[in-house]
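> Structure below; questions to follow.
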Amino acid sequence: MRNKLRGAAAVVLALLCLCSCGSEKKAFNIYYKNADGDALVKEEHKTELTGADRAATVEYLIGELSKSPRTEGLINVLPDGTKLLDVSFMGRTATVDLSEEYYQNTEVDEMLARYAIVNTLGEVDGVDNVEILIGGEPLVSSTSGAVIGRISKNDVVLSPQDSIADTTETLVLYFPDSEGQYLVPEEREIELQSTISTERLVLSELMKGPSSSSLVQVVPADLKVISAETKDGVCFVNLSGDLLEKVSSGSSSTTMFLYSIVNSLTELSKVDSVQILVDGRTGVEFGNYVLDAPIEKNQSLIKED
């Protein structure tokens, strides 16, 4: 009799354990825009899904990205009406096909949405890369017109709390000399700890001006950078149209401005040339230049020691 009781107790205990295990919720980090709309912040969501069914898990996560965040001040990254049309997997790459409402995002918002999708889906076991399709066609950069292709979850540093502590990089920036005839290199160590790409950081540092009093700031501090991204060696820098008002149209001013940017960006190993766009347009007249093609580094403008 005692053995029967022990056996029954064991069965009950096993059932309780199964119920307990089955009710445990899995946590996923969903990425949303901050209140300023210039960075991503993660918010933990729990679900009954275990993650074993990758397609169901991706469908759930895309749905959460479409909803309003629970944290006050955060903003969802997918425009209203954006739907998941299909999801497929090849190895450790998830391909998601979204409806065309996705393209209602502005350039900066689209870039953040792209990174939010990649890092959110990177929470799924077995997913290291994400490819985004829109209406069955590859996602295209609104800045460069190039196909984005597969993105790794390790490609992007999202926010200070997600970054690797003390990760730094030494940039080589170019500023005009006091006569405005040559560019002088200036090294600057910066911390890689935000959603800003290295290309954007270069531009941001140029906008701060030189450290040396013998050099001149030529990139305005209030210059508006819409986007900056590199594809196949070309860095596409999209600047606001008020650039034409902020920089003097004189030949020396425009030359120093352009090559301060170009020579600084081409110091990055992945950048061979720079295409300047104004409000997304090429072919804009800028002083004595027509911005219709990528510009390569101008070594002759660099002041020799």
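Every number in this text was worked out from the coordinates using simple rules, so none of it is lab data. Since we're looking at a predicted model, the values are computed, not measured. Every residue, glycine among them, receives a Cβ derived from its backbone with ideal geometry; neighbour counts consider all protein chains shown.
> Kindly work out what percent of the DSSP beta bridges joining two residues of the stretch 234-304 are antiparallel, to the nearest 5.
Values: 6 of 12 bridges.
In the stretch 234-304, approximately 50 percent of DSSP beta bridges are antiparallel ones.
> Also, I was wondering about something else. So, in nm, how far is label residue 208 from label residue 296 when the simple model puts each one 7 Å beyond its Cα toward the Cβ?
3.2
> Can you give the relative contact order of the stretch 168-301 as a percent, counting alpha carbon pairs under 8 Å and 6+ residues apart? Don't jump to the answer; show the numbers that get you there.
Values: 263 pairs, mean separation 31.3, N = 134.
After rounding, I find 23 percent.
> For Cα pairs less than 8 Å apart in space and 6+ apart in sequence, what is the mean separation divided by the residue count of the stretch 25-156, i.e. the relative contact order in percent?
That works out to 22 percent.
> Shifting gears a bit: Of 33/83; 270/303; 224/270; 83/208; 46/270, which pairs sit farther than 30 Å apart, going by alpha carbon to alpha carbon? Don't skip to the answer; put the middle values down first.
Values: 33/83 19 Å; 270/303 24 Å; 224/270 23 Å; 83/208 41 Å; 46/270 39 Å.
Distance filter (> 30 Å) returns 83/208; 46/270.
> Antiparallel as a % of all DSSP beta bridges within the stretch 25-156, to the nearest 5? Please list the in-between numbers first.
On the way: 20 of 26 bridges.
For the stretch 25-156, the DSSP antiparallel bridge percentage is about 75.
> Next question. Using the basic label-point model (7 angstrom from Cα toward the beta carbon), what is the residue 189 to residue 245 distance in nanometres?
The modelled label-to-label distance comes out at 4.1 nm.
> Once phi is turned into θ = phi - 60°, what whole-Hz ³J(HN,Hα) does the Karplus curve with 6.51, -1.76 and 1.60 give for every residue of the stretch 257-273, x standing for Gly and Pro?
Values per residue, Gly and Pro as x: 4, 4, 7, 4, 6, 5, 5, 6, 5, 6, 6, 6, 4, 8, 10, 9, 7 Hz.
> What dipole magnitude, in Debye to the nearest 20, does the stretch 168-301 give about its Cα centre under +1 on Lys/Arg Cβ and -1 on Asp/Glu Cβ? Show your work: numbers first, answer last.
Details: 9 positive and 20 negative charges, 33 e Å.
Charge dipole, the stretch 168-301, about its Cα centre: 160 debye, nearest 20.
> Please give the FRET efficiency for residue 53 paired with residue 270, using the beta carbon to beta carbon distance and R0 = 35 Å, rounded to the nearest 0.05. List each step's numbers first, then the result.
Working: r = 37 Å, r/R0 = 1.06.
After rounding, the FRET efficiency stands at 0.40.
> Using a ≥ b ≥ c from the Cα gyration tensor of the stretch 168-301 (square roots of the eigenvalues), is it rounded, prolate or oblate, where a/c under 1.5 gives rounded and otherwise the larger of a/b and b/c decides, a/b for prolate? Walk me through the numbers before you get to the answer.
Numbers: a/c = 1.41, a/b = 1.06, b/c = 1.34.
Taking the square roots of the gyration eigenvalues as a ≥ b ≥ c, the stretch 168-301 is rounded.
> Pull up all non-local amide H partners of residue 286: gap of 5 or more, or a different chain, and H-to-H distance under 5 Å with H placed in the peptide plane.
Close amide H contacts, sequence-distant or interchain: 291.
> Can you tell me how much longer the chain between residue 150 and residue 222 gets when fully stretched, taken as 0.36 nm per residue apart minus their C-alpha distance, in nm with one decimal?
Details: separation 72, 0.36 × 72 = 25.92 nm, distance 3.38 nm.
Extra length available between residue 150 and residue 222 comes to 22.5 nm.
> Which far-off residues, 5 or more places away or on another chain, put their amide H under 5 Å from the one on residue 302, with H placed in the peptide plane?
Under 5 Å from the amide H of residue 302 lie the amide H atoms of 183, each far enough along the sequence or on another chain.
> Let me ask something else. Of 132, 103, 79, which is farthest along the charge dipole of the stretch 75-133 in the positive direction, counting Lys and Arg as +1 and Asp and Glu as -1 at C-beta?
132
> Arrange 286, 257 by Cβ neighbour counts within 10 Å, fewest through most, would you?
On the way: 286 17, 257 24.
Final ranking by Cβ density, sparse to dense: 286, 257.
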